[in-house]
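Written below as structure tokens is the structure these notes are about.
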Amino acid sequence: MSTVGEEQKVDAVYRLGVMSERHPELKRRVADARLELAAAILAMDAVDERIQAGEEIHSLQEQAAVEQAKNAHAQALADLLRGEH
């Protein structure tokens, strides 16, 4: 169950639009962080597939990379919303 209501979502959409216009460099940071996160997820999935195929490897490094990328994306998004460099 989400604690975020429709009003907060509308406010967030508005704020993202405004701040993206005011701070294109922060908008680019969010896009770059999103791409890093997507790449980390794909790398983790590739290792998971190899594990399922019977390889004796562990995906801890890839899992850590996904967590780090998630945190970086969240921070970039927060910076954009706040207009912070």
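The values are calculated or read from the model by the stated rules, or taken from the named source; none is laboratory data. As the structure is a computational prediction, the values presented were derived from the model and not from experiment. In this analysis, Cβ positions are derived from the backbone assuming ideal geometry, glycine residues included, and neighbour counts consider all displayed protein chains. Surface accessibility is based on the protein's heavy atoms, side chains included, excluding ligands, DNA and RNA. Shrake-Rupley method; radii C 1.70, N 1.55, O 1.52, S 1.80 Å.
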Subject >> Test: residue in region 18-30 that is open to solvent by 50 Å² or more (accessible area, probe 1.4 Å), at pLDDT 95 or above and either touching a Pro at 6+ places or on another chain (Cβ under 8 Å) or aliphatic (A, V, I, L, M) (or both) >> reply: no
Subject >> Breaking point among (1) basic (K, R); (2) closer than 17 Å to A76 by Cβ; (3) free of Cβ contacts under 8 Å to residues at least 12 places away in the same chain, for K27 >> reply: (3)
**OP:** Taking only region 66-85 into account, find how many residues are in a helix (DSSP H, G or I) and modelled with pLDDT under 95.
**Re:** 0
Original post:
Any idea which of Q63, Q52 is among the polar types (S, T, N, Q) and surrounded by 11 or more Cβ atoms within 10 Å (Cβ to Cβ)?
Top reply: Q63
Original post:
Out of (1) surrounded by 11 or more Cβ atoms within 10 Å (Cβ to Cβ); (2) without any contact (Cβ under 8 Å) to a residue 12 or more places away in the chain; (3) among the hydrophobic types (A, V, I, L, M, F, W, C), the odd one out for V13 is which?
Top reply: (1)
Original post:
What pairs come up if the first residue lies in region 42-71 and is under 21 Å from A31 (Cα atoms), the second is open to solvent by 90 Å² or more (accessible area, probe 1.4 Å), and their beta carbons are under 8 Å apart, counting only those six or more places apart or on different chains?
Top reply: A69/E36
Subject >> In region 30-54, the residues that are under 20 Å from A78 (Cβ atoms) and small (G, A, S) >> reply: A31, A33, A38, A40
Original post:
Say we look at region 1-24 and pick out the residues that are of a type in the set (A, V, I, L, M, F, W, C), assigned to a helix (DSSP H, G or I) and in contact with a helix residue (DSSP H, G or I) (Cβ under 9 Å, 6 or more places away or on another chain); which of these is farthest from A74 (Cα to Cα)?
Top reply: M19
